[in-house]
Amino acid sequence: EAVERIDGDLISGSIDGIVVPGRACNATLMLHNPGKEPITFEFIFMAAPGISDNPVAPVKVNPGRTKRLSLAVKTAVDFALPTGGFDGADNFRVLYDIKESGWRGEISLPLYSIATIAPTGGFSAKPQFVLDRQSQQTSLVGYNPAEDHMRWQGPEDLSAKVYMARRDSVLCFKIVVTDDIHVQQTGGNEMWNGDSIELTLEEPGRKGGWVFGASLLNGKSDFWCWYTANDVSPSEAAKSMKGHITRKGNDTIYYFTIPLKTFGWRTARLASGIRVQLQINDNDGGGREGWMRLDSGSKASTDKPCVVFLP
């Protein structure tokens, strides 16, 4: 019981700010000694590929004192969290030993990462986000062996690559969805029942967002908007979407632009960052089977952007 209490009081910490590819950020550790004798912390750090840190010498903390330790955490230019998510699912793990007693412990510091988009005006060769993992997929199919064929079979069954860019005063999107069977019979407000995408854009810290939809219906591009977060009506927002949707082999390619005036945004807002959520709906002919989702965080991270457009 004493060990559990002491462990809870020994160390705490956080990543300061957001992990930006190619830049350094700080991790802060607070080292506590609630005992009556000095203790010495020794560390091992473990993090996602693309994150590095400087070695840290052992730190001695006197009885009844707390010592603050700052670490420089560096990220590679092409760094991206393996989950593609923004909810701290990938952690910066801190393993520590207490030299005097041999006691060992571990804490995990949530990482909040963003994608950076260069001001080139065109799409980069590498997508900003990729949806191709089981953890990103939600199935509506019950546990019935007769329906096993309707479950997600892998990236060839359903996956997506997401490209974003800014050209002058418009946001540009190219979303390449790999789907072995394309089914869309309704479109419009009900397009989510068939193969389609739902794109949500939000300002960090602002209530609500803009929720757009796109689908390929009878060979024609169909754009929609369900909600807005300003005085622009959903129908006006939908009309502001310009682009085309095509089917090539097993790929459905969604290309469209949305002007900044639809959101009431200036380029400074993009430099500060926005939040993006994307849902890829799937229907292979037997009804809506499920979806894949790129989620930009839980309620705890609504003040954090996930995409920054570099000035």
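Quick note: the coordinates plus some simple rules give every number you see, no bench work behind them. Values in this document were obtained by computation on a predicted structure and should not be read as measured data. Cβ atoms come from the backbone with ideal geometry, glycine included; neighbour counts cover every protein chain shown.
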Take every DSSP beta bridge with both residues inside the chain and express the antiparallel ones as a percent of the total, to the nearest 5. 95 percent
Mean Cβ neighbour count within 10 Å, used as a protection proxy, ranking 176-188, 50-62, 282-294 highest first: 282-294, 176-188, 50-62
Measuring from label point to label point, each 7 Å out along Cα→Cβ, what is the S101 to K74 span in nm? 3.5 nm
Taking a virtual spin label 7 Å from the Cα of K220 along the C-beta vector, which residues in the stretch 169-212 bring their backbone nitrogen under 13 Å of it? 186-188
Between S159 and residues 5 or more places away or on another chain, which pairs have amide H atoms under 5 Å apart, with H built 1.01 Å from N, and which residues are they? T178
Name the residue farthest towards the positive end of the dipole of the chain from the options F123, C225, W291, assuming +1 on Cβ of Lys and Arg, -1 on Cβ of Asp and Glu, about the Cα centre. F123
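Could you work out the local net charge near R266, counting Lys and Arg as +1, Asp and Glu as -1, over the other residues with Cβ closer than 14 Å to its Cβ?
Summing Lys and Arg as +1 and Asp and Glu as -1 gives +1.
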Karplus-derived 3J(HN,Hα), 6.51/-1.76/1.60, for each residue of the stretch 205-218, Hz, glycine and proline x: x, 9, 6, x, x, 9, 10, 10, x, 8, 8, 9, 10, 6
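Under the 0.36 nm per residue contour assumption, what length would be gained going from the current alpha-carbon distance of T257 and I181 to full extension? Walk me through the intermediate numbers first.
Values: separation 76, 0.36 × 76 = 27.36 nm, distance 2.59 nm.
Difference between extended and current length: 24.8 nm.
Hand me the tally of lysine pairs in the stretch 212-311: alpha carbons under 19 angstrom apart, and the pair either on different chains or 8 or more positions apart. Each step should come with its number before you reach the end.
Details: K220/K239; K220/K242; K220/K248; K239/K261; K242/K261.
Total qualifying Lys-Lys pairs in the stretch 212-311 comes to 5.
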Here, T138 and E37, labelled 7 Å along Cα→Cβ, have an inter-label distance in nm of 5.3 nm
